Amino acid sequence: MKTLTINRYRVILLHLMFWIISINLFNAFFSRGIESGFIFDDLNLTAWNMLLISNIIIILVLAPFIWLFREIKPWIKWSVTVAELLIILWSVTVEIEAKDNSIIVPVIALFFIDNFLYVLTFHVTIIAAVYINTRILIAKYLSQGKFIRYVFRVLALAAIAGCINFALFDYFIDKIFPEFFYISWFKVWELILIMAGYLAITTTVYLLWQYGRMLITNREKVKNELSALKAQINPHFLFNNLNTIYDLADKGDIRTKEVILQLSDFLRYVLYDTSSEKIGLEKEIEIIKTYVGLQKERINRNTTEVILNIEGDFVETQIAPLLLLPLAENCFKHGRGSTLSTIEIDIRFSGNELSFRTRNRIERRENPQNQEEGGIGIRNVEKRLNLLYPGKHQLKFEESGDLFIVELTIRLD
């Protein structure tokens, strides 16, 4: 919740920065017709001097609003407030000492109050059009895939906003500020183009922002899927293998130590090695071999045969963790029972294509609910593949009689 609030404040800050930059651009590049040319009472102040002073005044005006940000630490708020008070105190002192050579009064009175507010008024219609577009038109039409309707409505919005801007200055603002005419010389069609330009820019930025949020959301979703997959694998597998180790130890079997080491390697991999986004394919294959070795200790070898075939050079190839293991796990969940059966796992890697194929006999469960729960791992794998390898994988399931076949191919970079 705290992260979401901070992100919301960052968005507000980005919006303020965008409009401040826009206002400065109009002041710097569209300031035609100002008779003083930024020279007040023989004070040689260039356009850049005026822009710098203007932005300092803007910061001073906006600084008190920092107290609205609850997540900002108090010492930062007090530092900003004290700095602002010191700047104001210094300005007053300079103004008093300057007397006839005053700089602050003409800057504030002649430039900021008149010129800046004039440009700010010009932006009122632009700001209104932009937020009508982002909050209403995009949400109602563009996000719903109604592209043609959106284009017509956004063009109509640009035309209406341009006409309102022209009427606002022609009938009202120019009467109040007759000496500032450098914006009001824009014709109606030019104002419409300006509005359309702002709408196009903000729509592009909005779509890029939403795309970035989608990528972040998908990444978080992948992490959540991986966490769910870990939670699914660990408890059942751990308890079953502990029981196996207990049986081996109870019988004094010399394989007990080896099985304990295999289980330790497996758990270390699942809990720690899979924390990164990509791991070595060779490591993933090794853990499949470890998993199969552990399962062989649990199954009845008189009724179930396990065949593991691995071909290819897996060195220096990366893959997302825990993509193959759930498919192998699914074989042992449903492929062993009281009747004779075979579990086959075939892994091949050639070029940049990984092929993973499993084939096992389906042992029907008396409880259908348990039968359905067995497919959770495969569904998680399918979701993660769609997020991690879009357009680069193919996952097929085939059920033929009492046989269940899974075929997965992935193009790895």
*If we scan the range 95-106, do we find a residue that is at pLDDT 70 or above and surrounded by 14 or more Cβ atoms within 10 Å (Cβ to Cβ)?*
no
*Residue by residue through the range 285-307, note down the ones that are in contact with a helix residue (DSSP H, G or I) (Cβ under 8 Å, 6 or more places away or on another chain) and over 19 Å from Leu261 (Cβ atoms).*
Ile299, Val306
*Do we have any residue at all in the range 313-322 that's among the acidic types (Asp, Glu), modelled with pLDDT of 80 or more and in contact with a Gly (Cβ under 7 Å, 6 or more places away or on another chain)?*
no
*Answer yes if at least one residue in the range 363-372 is of a type outside the set (Asp, Glu) and at pLDDT 85 or above, and no otherwise.*
no
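Taking the conditions exactly as written (buried (at least 19 other Cβ atoms within 10 Å of the Cβ) and out of contact with any strand residue (DSSP E or B) (no Cβ under 6 Å at 6 or more places or on another chain)), does Glu329 satisfy them or not?
Yes.
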_First in the range 75-97 and farther than 12 Å from Pro64 by Cβ and in the same structural domain as Ile57 (by TED's automatic domain parsing), second anywhere and part of a helix (DSSP H, G or I) and not small (Gly, Ala, Ser), Cβ under 8 Å, 6 or more apart_ = Ile76/Ile66; Ile87/Ile56; Ile87/Leu60; Ser91/Ile104; Val94/Ile104; Glu95/Ile104; Glu95/Val105
*Select from the range 237-283 the residues that are surrounded by 18 or more Cβ atoms within 10 Å (Cβ to Cβ) and outside any helix (DSSP H, G or I) and list them in ascending order.*
Ile279
*Restricting the range 323-362 to residues that are over 16 Å from Ile405 (Cα atoms), among the hydrophobic types (A, V, I, L, M, F, W, C) and outside any strand (DSSP E or B), which is modelled with the highest pLDDT?*
Leu323
*The listed residue being acidic (Asp, Glu), surrounded by 13 or more Cβ atoms within 10 Å (Cβ to Cβ) and at pLDDT 80 or above, out of Glu286, Glu225*: Glu286
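Given the options Trp78, Trp19, name the one that is modelled with pLDDT of 75 or more and over 23 Å from Ile201 (Cβ atoms).
Trp78
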_Out of everything in the range 293-316 that is among the β-branched types (Val, Ile, Thr) and surrounded by 19 or more Cβ atoms within 10 Å (Cβ to Cβ), what residue ends up being nearest to the chain's Cα centre (by Cα)?_
Val306
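The values are calculated or read from the model by the stated rules, or taken from the named source; none is laboratory data. Since this is a predicted model, take the numbers as computed values, not measurements. Reconstructed Cβ throughout: ideal geometry from the backbone, glycine too, with neighbour counts over all protein chains shown.
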